[in-house]
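Undergrad: Here you go, one structure.
None of the figures in this text is laboratory data; all of them are computed from the coordinates on show. Fair warning: this is a prediction, and the values are worked out from it, not measured in the lab. No Cβ is skipped: glycine too gets one built from the backbone with ideal geometry, and neighbour counts run over all protein chains shown.
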Amino acid sequence: MTVYAPLRRVIGDRKGLKVGVSGIGGLGHLAIQFAAKMGSDVVAISHSPSKKAEAASLGATDFCVMSDSADVARIAGTLDVLLISSIYANESMDKVMSLLAPYGQAILVAAPEKSMNVSAFSFLMGAKTLSGSLVGSIAEVKETLEFAAKHKVHPWIQKMPMQNVNDAIKMVREGKPRYRIVLEKTFTH
């Protein structure tokens, strides 16, 4: 629901919007699926070129490597919507906002460790907006689950035994899971 609700609010029933998803991880891999199933043309945005094939299998039709200035220039000014599910420590918010088309909307669902610095001109030039979303209503939870079931949107998970919880935490901190870890407890009777 963290990514579905804000995408639904912004996209609504409009088809063919160009939607960027920045950060292809625990939230981003779900956002790509939801946006694609809503009828959007999805651009996956990452610092990891190795995620390109996975992004395509999730429903992305384009891929941008944020650390590649030519790749960023290629999609700059083209996104109608940008869902930001990850903020990189040294990433310029002005650079991120430059990806939006005029009247584009960025949605922040990630909580950066530090304050974000962004120039007013990033918003003024092109009448762009930045909003945030963390939770939704009970009705949105229900709608999220119904949409996910109907359109076969599901998380990619790695199962690990509960006794390996420390290894799982280490993997998460290192950004290694694809894309969520589920800890399983074996019950004996």
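Undergrad: Which values, in whole Å and largest first, are the semi-axes of the equivalent ellipsoid of the chain obtained as the square root of 5 times each eigenvalue of the Cα gyration tensor?
TA: Working from the Cα gyration tensor, I get semi-axes of 29, 20, 16 Å.
Undergrad: Under a GNM of the chain (C-alpha, springs under 10 Å), which listed residue has the highest mean-square fluctuation: 131, 46, 115?
TA: Among 131, 46, 115, the largest mean-square fluctuation in the Gaussian network model of the chain belongs to 115.
Undergrad: Using a 10 Å cut-off around each Cβ, can you sort 54, 143 from fewest to most neighbouring Cβ atoms?
TA: With the fewest neighbours first, 54, 143 line up as 143, 54.
Undergrad: Now for a different question. Calculate the FRET efficiency for residue 123 and residue 78 from the Cβ-Cβ distance with a Förster distance of 22 Å, rounded to the nearest 0.05.
TA: Rounded to the nearest 0.05, the efficiency is 0.80.
Undergrad: Which entries in the list 51/170; 18/51; 37/170; 52/114 go over 26 Å, if you measure between the two C-alpha atoms of each?
TA: In this structure, 37/170; 52/114 exceed 26 Å between Cα atoms.
Undergrad: Relative contact order of the chain: what whole-number percent is it, with Cα pairs under 8 angstrom and at least 6 residues apart?
TA: Relative contact order, the chain: 20 percent.
Undergrad: Compute a Gaussian network model of the chain, connecting alpha carbons closer than 10 Å, and tell me which residue from 74, 173, 14 fluctuates the most.
TA: Looking only at 74, 173, 14, the largest GNM fluctuation is found for 173.
Undergrad: Can you sort 103, 179, 4 from fewest to most other Cβ atoms within 10 Å of each residue's own Cβ?
TA: Arranged by neighbour count, lowest to highest, 103, 179, 4 become 103, 179, 4.
Undergrad: I would also like to ask the following. Show me, bin by bin at 10 Å from 0, the whole-percent P(r) of segment 96-173 based on Cα pairs.
TA: Distribution as computed: 14, 24, 30, 26, 6, 0 percent.
Undergrad: Can you give the local net charge around residue 47? Use residues other than it whose beta-carbon is closer than 13 angstrom to its beta-carbon, Lys and Arg +1, Asp and Glu -1.
TA: Values: positive: 51, 52, 95; negative: 68, 71, 91.
Local net charge: 0.
Undergrad: Using unit Cβ charges (K, R positive; D, E negative) and no other charged atoms, how large, in debye to the nearest 20, is the dipole of the chain about its Cα centre?
TA: In debye, rounded to 20, the chain gives about 340.
Undergrad: Sticking with this structure for a sec: Say each of residue 113 and residue 71 gets a label point 7 Å from the Cα, pointing the same way as Cα to Cβ; how far apart are those two points in nm?
TA: 2.3 nm
Undergrad: Please build a GNM for the chain, connecting alpha carbons under 10 Å apart, and tell me which residue among 53, 110, 120 fluctuates the most.
TA: 120
Undergrad: Taking neighbour counts of Cβ atoms within 10 Å as a proxy for exposure, in what order, fewest first, do 178, 8 appear?
TA: 178, 8
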